[in-house]
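Only one structure is covered here, and it is reproduced in the block below.
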Amino acid sequence: MSLIEGRGEKVYILDASAIIFGFTSMEGTQVTCREIIDEVKFGGAALFRAAAMKEATARIVEPSEKYVEMVKKKKNEVGEIGLSEADIKLIAIALEFKDRGWHPVIVSADYSVQNMALIFNIDVEKIIHRGISKKIMWVSYCPSCKWVGEVFKGGRCPVCGAKLKRRPTSSSSE
Ligand SMILES: [Zn+2]
């Protein structure tokens, strides 16, 4: 990713829940990573529309490997196993923007992401505290044998042993 130097401008880094909830902010740039758009697109028609709309406004960026490694190292140090590859990339993107003089804000409802952001001293917009009465249901799925089941945080497929991924199955109003 080749970023222009920032002067403290806000950049919002959106996770899957931020996209599903239609997080919008008039100020600042909005970015996400390809994996997040894909994660949302797996979740069905309504989520697909949410992703398609967000794709139009959020810039998709790829973090530099250096920052991805930095996040992975810290994740292992603190034993935070609840992070997906997409989550790791989002935090890496935030670190990279920060290094370039921007003011990154991660928009997320995910506790593990919020926790890592705190550790790296990155601001978080906790969207569950913004009065949005929607819940995302997550399932784990196996990218190899297509097994689907309860969410295993950082777990492995009970059938073939591949590393599980997760995706949202629905978002519903309460
Ligand atoms: Zn499997």
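When the listed pairs 10/41; 126/165; 126/146; 89/146; 73/165 are checked against a 30 Å cut-off, the alpha-carbon distance exceeds it for 126/146. Site pair residue 72 and residue 118 shows an inter-label distance of 2.6 nm when each label is modelled 7 Å from Cα along Cα→Cβ. Remark: 29, 57 ranked as 57, 29, counting other beta-carbon atoms within 10 Å and listing the fewest first. Compared with the direct C-alpha span, the chain from residue 65 to residue 147 gains 26.5 nm at full extension, assuming 0.36 nm per residue.
Of the residues 59, 7, the one with the fewest other Cβ atoms within 10 Å heads the list, and the complete ranking is 7, 59.
Counting neighbouring Cβ atoms within 10 Å and putting the fewest first, the residues 150, 80, 39 line up as 150, 80, 39.
Bear in mind these aren't lab numbers, they're just calculated from the coordinates by the rules spelled out. Being a predicted model, the structure only gives us computed values, none of them experimental. Using ideal geometry, Cβ is built from the backbone for each residue, glycine included, and neighbour counts are taken over all protein chains shown.
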